[in-house]
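Here the structure comes first, spelled out in structure tokens, and everything after it is commentary.
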Amino acid sequence: MRILFTSVALSGHFYPMVPLAWACRALGHDVLVTSSENFVPTVLRAGLPVVPCGPEAGLADLAAAGMVGPPGEVPEVGADQQRQAHGRAFAGIAVRNLPGIASIVDRWRPDLVVSERAESAGPVAAATRGVPHVEHHWGIPPLLEYRQAAVDGLAGELAALGLTGLPEPAAVLNPWPPSLRLDYAVGHRNLRYVPYNGDARVPEWTLGDRRRPRICVTLGTVLPGLGVDEVVFPVLAELARLGVELVVAVDDAVVAGWPPLPDAVLHAGRMPMSQVLRACDITVNHGGQGTVLSALEAGCPQLSLPHFDDQFDNADASAKAGAGLRLLPEELSPQAIVNGCVELLDRAEYGRTAAALAAEIAAQPSTFDTVELLEELAG
């Protein structure tokens, strides 16, 4: 069986699909990934074959939509406006990539197309060629704004292909634990979440016992630019006063530009979140899909600081379940973050709930089980 995976050129969209693509290859199926030209190195580092389908895309498109500004700036607009802008950006990428993906489908002739939910060109190319497609879901919210933006942005292409709207997937694969999903996700097919966030050199300190409580601070790729002196360092300094160990998970290039960190910081830089979070008592994060799910999978309580789009809903899901806390942008201060960490460390019920959700994730169908479903859908 030939399976084509399609993704926009953003790691947070592509990484959740990687373990499923590995499983497909391990079971003998032919896998090919396609994305924008600039994303090819990222796919190659995941050990997967890739062919580009369009010009450079990704964060630049979000910046053009006004949703990711210069370092130190996050647009002060509502979540609905953010999602509409993101949807328009992703629709623009789909318009540019559709000819390339259609050509790949024509020449490579996949039996099935698997697309992450923000990538619209793959499903269109598949539908017009009689190839079933599957949506690989991410995030908690329905993101109807994305779908409407794709319909509007691809209106000319859809009409020319004889389509009245975006094709519906044969199945939606959802890695979120069922107990956290919203009503619209009823009918999604369960898929066990397997963390992957790129290079995975495991620090030796994760392998032994810890003598003090350990907190992992990870802020994604955008929030570290929100003012190191104004936000990050005051938070680390306050947390250090708790007598804990701190690990700061950010890109190595970001850390290289920072001044010396407090002595309480055990390690700072890029690190594999699954192994690191298992060696931590709690985490402070930005509410991104991959980080929140990785914390849940590790049974690690979390304090989420969402700033845009699906981060708010992801953080809400964890907090409402009792596996963590959430602070809105207007509530943020170093002391508020410290208070949240103290509460998570002091109240054992957060850990018990996080452990229960980890067990729920572990009980979902594995990637290998899911390949059997893909085989059925491809006929």
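The values are calculated or read from the model by the stated rules, or taken from the named source; none is laboratory data. It should be emphasised that the depicted structure is a prediction, and the values quoted were computed from it without experimental measurement. Positions of Cβ are backbone-derived with ideal geometry, glycine not excepted, and every protein chain shown enters the neighbour counts.
Listed here are the residues, each with its yes/no results for (1) surrounded by 17 or more Cβ atoms within 10 Å (Cβ to Cβ); (2) in a helix (DSSP H, G or I); (3) among the charged types (D, E, K, R).
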position: 123; (1), (2), (3): yes, yes, no
position: 135; (1), (2), (3): yes, no, yes
position: 150; (1), (2), (3): yes, yes, no
position: 159; (1), (2), (3): no, yes, no
position: 162; (1), (2), (3): no, no, no
Every residue from segment 252-283 that is under 19 Å from residue 302 (Cα atoms) and part of a helix (DSSP H, G or I): 273, 274, 275, 276, 277, 278
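Residue check: is residue 310 of a type in the set (D, E, K, R), touching a helix residue (DSSP H, G or I) at 6+ places or on another chain (Cβ under 8 Å) and more than 30 Å from residue 112 (Cβ to Cβ)?
Numbers: of a type in the set (D, E, K, R): yes; touching a helix residue (DSSP H, G or I) at 6+ places or on another chain (Cβ under 8 Å): yes; more than 30 Å from residue 112 (Cβ to Cβ): no.
No, not satisfied.
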Cβ pairs under 6 Å, 6+ apart, first in segment 113-141 and outside the structural domain of residue 83 (by TED's automatic domain parsing) and in contact (Cβ under 8 Å) with a residue 60 or more places away in the chain, second surrounded by fewer than 23 Cβ atoms within 10 Å (Cβ to Cβ) and outside any loop (DSSP other than H, G, I, E, B): none
Of all residues making up segment 171-196, the number that are surrounded by 15 or more Cβ atoms within 10 Å (Cβ to Cβ) and out of contact with any Phe, Trp or Tyr (no Cβ under 6 Å at 6 or more places or on another chain): 17
Cβ-Cβ under 9 Å pairs, at least 6 apart or on other chains, segment 145-162 side hydroxyl-bearing (Ser, Thr, Tyr), far side in a helix (DSSP H, G or I): 146/83; 146/84; 146/86; 146/87; 146/90; 146/91
Selection within segment 178-231 - assigned to a helix (DSSP H, G or I), aliphatic (A, V, I, L, M) and at pLDDT below 95: 223, 228, 231
Verdict on residue 21 being out of contact with any strand residue (DSSP E or B) (no Cβ under 9 Å at 6 or more places or on another chain), aliphatic (A, V, I, L, M) and modelled with pLDDT of 95 or more: no
Subset of segment 315-338 [at pLDDT 95 or above and either surrounded by fewer than 17 Cβ atoms within 10 Å (Cβ to Cβ) or farther than 28 Å from residue 241 by Cβ (or both)]: 316, 317, 320, 321, 322
Among residues of segment 98-113, those that are surrounded by 21 or more Cβ atoms within 10 Å (Cβ to Cβ) and not aliphatic (A, V, I, L, M), counted: 1
Residues that are under 22 Å from residue 213 (Cβ atoms), at pLDDT 95 or above and hydrophobic (A, V, I, L, M, F, W, C), drawn from segment 290-314: 292, 295, 296, 298, 300, 303
